[in-house]
1. What number comes out for accessible area per residue over region 115-169 if the probe is 1.4 Å? Units Å², please.
2. For q = 0.10, 0.11 Å⁻¹, what log10 I(q)/I(0) does region 81-223 give under the Debye formula with an equal point scatterer on each alpha carbon and no solvent?
3. Find which of Leu73, Pro41, Asn28 sits farthest along the positive direction of the dipole of region 1-116, computed with +1 on the beta-carbon of Lys and Arg, -1 on that of Asp and Glu, about the Cα centre.
4. Give the accessible surface of region 298-400 per residue, rounded to a whole number of Å², with probe radius 1.4 Å and ligands, DNA and RNA excluded.
5. Take the alpha carbon atoms of region 43-136, find their radius of gyration, then divide it by 2.2 N^0.38 Å using N residues; give the quotient.
6. Report the residue, chosen from Thr390, Thr231, Thr94, that carries the largest GNM mean-square fluctuation when the chain is represented by alpha-carbon nodes joined by springs under 10 Å.
7. Using the heavy atoms of the protein chains and a 1.4 angstrom probe, tell me the accessible area per residue for region 1-83 in square angstrom.
8. Take region 1-97, drop everything but the C-alpha atoms, weight them equally and run the Debye formula without solvent; then report log10 I(q)/I(0) at 0.15, 0.18, 0.20, 0.25 Å⁻¹ to two decimals.
Amino acid sequence: MAFLADALSRVKPSATIAVTQKARELKNAGRDVIGLGAGEPDFDTPDNIKNAAIEAIRRGETKYPPVSGIAPLREAIAAKFRRENNLDYKPEQTIVGTGGKQILFNAFMATLNPGDEVIIPRPYWVSYPEMVALCGGTPAFAETSIDNGFKLTAEALEKAITPRTKWLVMNSPSNPSGAAYTEAELRALADVLLKHPQVWVLTDDMYEHLTYGDFVFRTIAEVEPNLYERTLTMNGVSKAYAMTGWRIGYAAGPLQLIKAMDMIQGQQTSGACTIAQWASVEALNGPQDFIGRNKAIFQARRDLVVSMLNQARGISCPSPEGAFYVYPSCADLIGRKTKDGKVIENDEIFASELLEAEGVAVVFGTAFGLGPNFRISYATSDTLLEEACTRIQRFTASLS
């Protein structure tokens with residue numbers, strides 16, 4: 001009898017966490033390393049949110065929370081969806097989890113049986129297929145390309161749907177590509193989904209507030225109300241509010257699904273940190289002006305990185321609509337050699353040799369299901385980004 005569960009053989013470690021840890025180890029060993037792997041804002045949590053947490057501690061809000069979340073936060077979540085997304089959810093249709101990951105995991109755990117398929121567009125956030133596999137489902141990948149901005153088309157969605165399809169995972173703006181879907185693009189996907197009533201939609205809107213220029217964010221249940229009864233709309237405070245370490249994600253959806261997720265969570269964590277939940281009440285209900293200021297900084301960083309990468313030999317970098325990632329192609333560098341004679345056979349070797357030669361840590365694209373690309377997080381200072389891109393230019397120029 002094997003000691004470890006068979007399910008572990010179906011999953012891989014997180015490549016993004018691995019890159020961040022590798023960069024940390026090299027720094028600790030004295031190497032000059034610029035880490036561009038972490039998907040985490042470099043801004044601090046706003047003071048009003050911190051103060052709300054401190055006040056909650058002083059009030060004695062330190063006991064177990066209700067499994068699905070404290071009532072004021074569930075009310076704030078419902079109000080947020082009405083105010084910003086034109087979605088009418090009652091507080092009891094919401095649930096709070098320990099980060100977006102727990103929300104996603106619990107949704108899959110509550111609904112997937114062996115053989116059930118979950119459509120995941122490539123490139124994807126590294127955790128989606130691993131969560132599906134851990135919960136007994138089968139990841140089914142739908143293709144995108146750099147030519148269509150890494151967005152799922154109606155034709156590709158139709159091709160991916162089978163009688164076993166239970167979920168479609170949508171992530172807009174996307175990690176890793178930064179691609180965001182317009183209302184028209186969501187409308188085209190919704191038209192396909194309306195023909196397949198067995199397919200539910202799990203829409204990960206974590207980067208909702210980080211879109212640039214004239215882009216207008218929409219979520220799919222808002223675009224097509226007929227999908228409301230089979231959509232789980234997920235969000236959180238991690239990215240827009242710079243609260244990654246507070247570990248609060250939330251979702252809203254049909255009551256039957258929320259109750260099932262509540263049951264799982266009740267046997268799993270008994271709810272998210274009470275103090276972090278009170279901080280999140282202030283995040284959602286309090287001043288929102290800092291989001292626009294932070295967004296302007298991110299947009300300037302995006303423009304800097306896109307410009308400099310497109311000046312690097314053999315690199316092609318689209319300008320994404322949102323999030324704080326770029327997903328450039330290194331296809332024109334495949335087959336070239338480093339100064340030491342190492343052949344760049346794929347994007348994983350490209351990322352490894354870049355780290356070795358120039359001390360720039362990026363995540364190779366194959367980890368996200370689509371290469372030869374690599375992901376850069378520009379959630380760091382202009383100075384570091386400019387230096388990192390200069391090093392990338394130098395590295396690509398050195399390849400023969």
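The values are calculated or read from the model by the stated rules, or taken from the named source; none is laboratory data. Quick caveat, the model's predicted, so the values are computed rather than measured. All Cβ positions, glycine included, derive from the backbone under ideal geometry; neighbour counts span all protein chains shown. Heads up: the accessible areas ignore ligands, DNA and RNA and are worked out on the full protein's heavy atoms, side chains in. Shrake-Rupley method; radii C 1.70, N 1.55, O 1.52, S 1.80 Å.
1. I get 36 Å² per residue for this part.
2. -0.32, -0.40
3. Comparing the listed Cα positions along the dipole, Asn28 ranks first.
4. Values: 3860 Å² over 103 residues.
With all protein chains present, region 298-400 gives 38 Å² per residue.
5. Details: Rg = 17.0 Å, N = 94, 2.2 N^0.38 = 12.4 Å.
Dividing the Cα Rg of region 43-136 by 2.2 N^0.38 Å gives 1.37.
6. Highest fluctuation among the options: Thr390.
7. 64
8. Cα-only, vacuum Debye calculation for region 1-97: -1.00, -1.00, -1.01, -1.19.
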